[in-house]
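What follows is a single structure, written as structure tokens, with notes after it.
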Protein chains: 4
Amino acid sequence: MNFGSDTTAPAHPLVLKAMARVNTGIEASYGADAVMVRLRETIGRAFETEDFDFWITASGTASNALALSCFCPPTGAILCHQEAHIERDERGAPEFFSGGGKLRLLPGYGAKIDPQAFLEAVRTNSPDFVHETPLHVLSLTNLTECGLAYRPEEISVYAEQAKAAGLVVHVDGARFANALVGTGAMPSALSWKAGVDVLTLGLTKTGAAGCEIIILFGEARAKFAELKVRAKRSGHMPPKMRFLAAQAEAMLTDSLWIRLAGQANLKARRLAEGFEARGYKLAYPREGNEVFVMLPPDVSERLKRAGAVFYAWPGGSSRFVCSWASSDEEADALLAAL
Amino acid sequence: MNFGSDTTAPAHPLVLKAMARVNTGIEASYGADAVMVRLRETIGRAFETEDFDFWITASGTASNALALSCFCPPTGAILCHQEAHIERDERGAPEFFSGGGKLRLLPGYGAKIDPQAFLEAVRTNSPDFVHETPLHVLSLTNLTECGLAYRPEEISVYAEQAKAAGLVVHVDGARFANALVGTGAMPSALSWKAGVDVLTLGLTKTGAAGCEIIILFGEARAKFAELKVRAKRSGHMPPKMRFLAAQAEAMLTDSLWIRLAGQANLKARRLAEGFEARGYKLAYPREGNEVFVMLPPDVSERLKRAGAVFYAWPGGSSRFVCSWASSDEEADALLAAL
Amino acid sequence: MNFGSDTTAPAHPLVLKAMARVNTGIEASYGADAVMVRLRETIGRAFETEDFDFWITASGTASNALALSCFCPPTGAILCHQEAHIERDERGAPEFFSGGGKLRLLPGYGAKIDPQAFLEAVRTNSPDFVHETPLHVLSLTNLTECGLAYRPEEISVYAEQAKAAGLVVHVDGARFANALVGTGAMPSALSWKAGVDVLTLGLTKTGAAGCEIIILFGEARAKFAELKVRAKRSGHMPPKMRFLAAQAEAMLTDSLWIRLAGQANLKARRLAEGFEARGYKLAYPREGNEVFVMLPPDVSERLKRAGAVFYAWPGGSSRFVCSWASSDEEADALLAAL
Amino acid sequence: MNFGSDTTAPAHPLVLKAMARVNTGIEASYGADAVMVRLRETIGRAFETEDFDFWITASGTASNALALSCFCPPTGAILCHQEAHIERDERGAPEFFSGGGKLRLLPGYGAKIDPQAFLEAVRTNSPDFVHETPLHVLSLTNLTECGLAYRPEEISVYAEQAKAAGLVVHVDGARFANALVGTGAMPSALSWKAGVDVLTLGLTKTGAAGCEIIILFGEARAKFAELKVRAKRSGHMPPKMRFLAAQAEAMLTDSLWIRLAGQANLKARRLAEGFEARGYKLAYPREGNEVFVMLPPDVSERLKRAGAVFYAWPGGSSRFVCSWASSDEEADALLAAL
């Protein structure tokens, strides 16, 4: 009954098999290997475009910070939600990679950026006023930190306004596959077609061992050489890149990522419905693989004594995260323990 | 006949098997897993001490820079050889991680720091003179960039003088196992017993998929909390650390690292002896898994046409690197092509 | 009728005279001059202590950032008001000087930090949780950005709680003298006696040409050597420091700083009372040399047409700042133009 | 008999008079004042061009680092002499301002960059090789740290080769006026006409209180907005800029800078000729206001006992620096004490 985080799950066996399969003979190092070449096609098919470049790291923090640092100078700012992972949980990585850039924080229900606050921030942005730090990037998180999914049409609206103000649009997609399943959208619809310039496509929580792809779409590709330089400089260009590429290939082949995210979302739905059926109110609609439920202290205590693992969340709810490896039995055992 | 670099070799099968073996069930993330706990004992046995702390990354550049940044403030300098990997091949990673620290470069035969130049640098160091950047760390590379091995007694001399001047002693051990085999020294003798405070123990070139351990010995352990913070902040604390720990465990178990390095060294010896037997002079003694040989241009050209891969090196030699996966047949084919 | 900012005022003639007076003969450079030695005594008398160290720069942004960077590591955070000058008007200087530290923002009336929000921030601070950025410094601004003055007993409360949580207490005193006059407190009472560890004592707005003293009190003196190193490294250790020291000496001699701040506060009071007498509501009580008044758009427009200079402020008020050089005639002309 | 440094001299009285003269009434702050406007014309006349932008700081370290940081990214390198002030005496300021850029050091007689070493560095520069840090800027110092002057035709050769390799050309002109007098060249000839893109024009050593102009010529002007942002962010945009501008104006008016540098050079010539007449060999030709002479230890000791102030220099010589305030009497007294 461990619903603490999808980061504690094992990797899917196909991922490790893929790593073993590429472990043959000499391969060019630092990303010039054949697996990376093949992977390019795989990503292109998944996202229905050839107008992209990509890099891979083993860490979501690294991929977010690298992506952001290509578009936010040391003297600039990134606009994000006040509960965003890049603000709360990455120990200042964006500030480190950007050389001292700032995060500008916005409020909003369910860790979605409030549209009015966003418009106001963009409206009052003064890129030419030397004393203030101007905005360079809008960073959305999909799923949000409260498990909500931005839909393509929502992202389009933010992206259009952001671009009109000269901002680049980044999506932290640590749970992007869960958002795809939750919204029913295609990868292209939830990324470049909606105006996303750079996507951190997390696959680790979805089922990889450690694999987070940074994808630059369209004009953002102009930063690809810089992205690689920054990856090298920060130790995110390990010699045997084939083992990162193999993970990505395995996940994107035959829609494994979608299937695994679908499993996780299903378990979360089972949990969410179970909570509601027993009279417990959800703090936010369940749209991906996370359930935030309002539990009275004694119930929460009872669950913990029964061996359930989950976390208290800001705002008073309890967070339960399902992974590809969560089982119906675990979910039912938890609900039974209520 | 690929002798370009030991970074192009595959991982040893036992390494991938170990990764698959730990891929079962839920594990605490970010390094709090059971594999990391077991690994601590394994490292302790290999280095004959319990007075250490450690972290793992998948990149030598990252491990070097993280290690150095714990001991060199933004306002300080690291003393190293002018051909050191941290100066030449890591795209300013030490400067990035330290927040703008400097590398102070010393000359010396075979990429070993010249003892006189070292003494002079230490002697003229002025930590209290506000205009100059004072030394905080001595970084040695073992094997050096020219394939030479520092012996325990050599390191002791540098370390003693460094410490008398208040410097911390770091070893970049990207090919540490090759140095162990080359010198016949025990891991402890070539590290903490010789006065090394912090070791970047590379296992990737030796045979892992991507695994470089940072080991803090003795008083250097005071920086362990900071090391983890810096690892997190730079994206080198991926959630599923068990896959890094499993690689290290596999390599250090039953002396696999020593056996693989021994194989690589043997192939290099075969090459070196073959070159010399055919009248080609070595640029430096062969002490590890690298051979630097003076080849006339036409011979070099002939080898390349025959399919051999190797690199021209500063100073006019040609560098041939053997890995655990190099075969006698490859070596003999190369020699035959001479 | 220029009430735009006290930064636009000239320097007091005594300040320039003092600079001319020290312009005789050879003086040791980089702060080792005789004027700096004398100044130490002058500061000591003004603040009734010998337990301090100090440095001077010509810029408040520099002095704030230098002070903060000695106490907030790259991996840490500074707690301040969301409207603080260090957040809004210094173009990311604290982030730059600290190497990527963060500012954590708190709300509060009149740009004073809300006591409850402060307690909550301190209570939830987790210095040992590697993913979050922990607090290292509390920075108060006195006068605040809305012209309010913290009183000694208020600062004591914040300082006590901050220190209990391991935070260092900084005061941005760009208008410290105005706060002294406004509260009637002694310099010691509004600084070290109230628990302030490091004070940025601004004298430029008060009447200097460019002179902002960083004062480290008590245990904070342990950072004095680092402060000088950081000053040097950031270009804030110009060779002829005597010209900075002479300004400070002139200002602190015979209470010139207090007298000039008193003049400025009096003019602001004249303005404030004039506004209120004419039925215009102040947005905040007038406690220093700034007046924030709610003016209908047509009145604001009329004033501007009449030649008055002042700025619209967040929240809808208009800000009028008086300097030592503001005259009763200017104030009366402005009020007449209402 | 103080020949320690031209930084210990007072400011010329006309400089302080100019500061007092601009101390009247309200002036726009942060560089938008009328003195800055006038100064633009003054600089234009002095350098015979209108194709430039400029900023002023009170510190040569700041002006050098700001200038360099506009042209060298965190991932790039600056080529300079191994004895350059930016390497030896600025406590890592270029690394700090650039966010971790590197200095690449070249040898050469008299602190002039060796032409062959320069060509080799430029020839082996690999901007597209991700592992190495590529060159972005060439920084020359004029006068050099050994008191030699680059002539216009020398600078032209370096600049042409640098530009062909894509490098920007910077001159650290802390003693630029002394170089002008020493070479007899016009300011334009020793800067933009010779291919210099950005000049740090030091006036403090020449006779100002604290005034170092950064001048961007021609295409380098594209970085002017960034330069101001970096100045603000580093605390080098103090509010009352008029006092910096007034110094520059005084120095550049009626060729005061040239006359003061001429005086200093003359005193140095007197010293140099005196040394040589007494049989002491100069370590380098005297071309500006600095004399480097080989003194036997007993002579050096005798001078010090007689009250002379000067410094031992790397290479065994003794350095004597003359300023605008040095007198013939002092020079003669020193020579008499020999």
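Please treat every number below as a calculation from the coordinates, not as lab data. Because the structure is predicted, anything quoted here is derived from the model rather than measured. A quick note on method: Cβ atoms are made from the backbone with ideal geometry, for glycine too, and the neighbour counts reach across all protein chains shown.
Where does each of B:Ser318, D:Ser59 land when they are ranked from fewest to most other beta-carbon atoms within 10 angstrom?
Values: B:Ser318 22, D:Ser59 27.
Going from sparsest to densest Cβ surroundings: B:Ser318, D:Ser59.
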Fill in: Rounded to whole Hz, the Karplus (6.51, -1.76, 1.60) HN-Hα couplings of region A:225-233, x for glycine and proline
4, 5, 4, 5, 4, 5, 5, 4, 4
Worksheet item: Where the centre of each part is set by its Cα atoms, how far does region B:202-255 sit from region A:39-101, in angstrom?
Response: 24
Worksheet item: Taking D:Lys102 as the anchor, which lysines have their alpha carbon closer than 17 Å to its alpha carbon, excluding any fewer than eight residues away along the same chain?
Response: A:Lys232, B:Lys102
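Taking other Cβ within 10 Å of each residue's Cβ, how do C:Met237, A:Met251 sort, fewest first?
Working: C:Met237 24, A:Met251 31.
Exposure proxy ranking, most exposed first: C:Met237, A:Met251.
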Practice prompt. In nm to one decimal, list the spacings between the C:Glu329 label point and its equivalents in the other copies, with label points set 7 Å along Cα to Cβ, shortest first.
Written response: 4.8, 9.3, 10.2
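Roughly what % of Cα-Cα distances in region A:186-338 sit above 27 Å, to the whole percent? Please report the intermediate quantities before stating the final value.
Working: 4711 of 11628 pairs.
Within region A:186-338, distances greater than 27 Å cover 41 percent of Cα pairs.
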Worksheet entry | Sparsely packed GluC sites (Glu not before Pro) within region D:7-53, loop by DSSP, other Cβ within 10 Å at most 11 | D:Glu50
Worksheet, complete the sentence: Given all pairs of distinct Cα atoms, region D:13-162 yields a Kirkwood Rh in Å of 17.7
Worksheet item: Over chain B, what lengths in whole Å, largest first, do the semi-axes of the equivalent ellipsoid take, defined as the square roots of 5 times the eigenvalues of the alpha-carbon gyration tensor?
Response: 31, 27, 17
Practice prompt. As a check on your grasp of the helix formula, calculate [θ] at 222 nm for the protein assembly as shown: sum -39500 (n - 2.57) over DSSP H runs of n ≥ 4, divide by the residue count, round to the nearest 500.
Written response: -12000 deg cm²/dmol
Fill in: Rel. contact order, % - alpha carbon contacts under 8 angstrom, at least six apart, chain C
24
Discussion item. Ordered shortest first, which distances in nm separate the 7 Å Cα→C-beta label point of C:His131 from those of the other copies?
Written reply: 3.6, 3.8, 5.0
Fill in: Radius of gyration and maximum dimension Dmax of the protein assembly as shown, Cα, Å
32.7, 105
Worksheet item: For all pairs of alpha-carbon atoms in region D:256-337, what percent lies in each bin of width 5 Å, listed from the first bin to the last filled one?
Response: 3, 16, 28, 28, 16, 6, 2, 0
Discussion item. Just to be sure I understand the model, the point goes 7 Å from the Cα along the line to the Cβ. What's the resulting A:Ser255 to D:His131 distance in nm?
Written reply: 4.3
Discussion item. Over chain B, with a Gaussian network built from C-alpha contacts below 10 Å, which listed residue (B:Gly288, B:Gly274, B:Gly195) shows the highest mean-square fluctuation?
Written reply: B:Gly274
Practice prompt. Could you tell me which residue in chain B puts its beta carbon nearest the axis mapping B onto C, with the distance rounded to whole Å?
Written response: B:Gly99, 2
Worksheet, complete the sentence: Per the C-alpha gyration tensor (a ≥ b ≥ c, the square roots of its eigenvalues), region C:1-80 is rounded if a/c is under 1.5, else prolate if a/b beats b/c, else oblate; here it's oblate
Practice prompt. Along Cα→Cβ, 7 Å out, is where each label goes; now give me the distance between the ones at B:Glu48 and C:Met186 in nm to one decimal.
Written response: 6.6
Worksheet entry | Global form of region C:79-183, assessed from the alpha-carbon gyration tensor, a/c cut-off 1.5 | oblate
Item to complete: Shortest first and in nm with one decimal, please list how far the B:Gly25 label point sits from its counterparts in the other copies (point 7 Å along Cα→Cβ).
Response: 4.0, 8.3, 8.4
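Which is the longest stretch in chain D that no exposed loop site breaks, taking sites as trypsin sites (Lys or Arg not before Pro) with a DSSP loop state and at most 14 other Cβ atoms within 10 Å?
Details: sites that count: D:Arg278, D:Lys281.
Here the longest run is D:1-277.
Let a ≥ b ≥ c be the square roots of the eigenvalues of the Cα gyration tensor of region D:298-338; is it rounded (a/c under 1.5), or, if not, prolate (a/b larger than b/c) or oblate? All intermediate terms of the calculation are to be shown ahead of the outcome.
Working: a/c = 2.48, a/b = 1.25, b/c = 1.98.
Verdict is oblate for region D:298-338.
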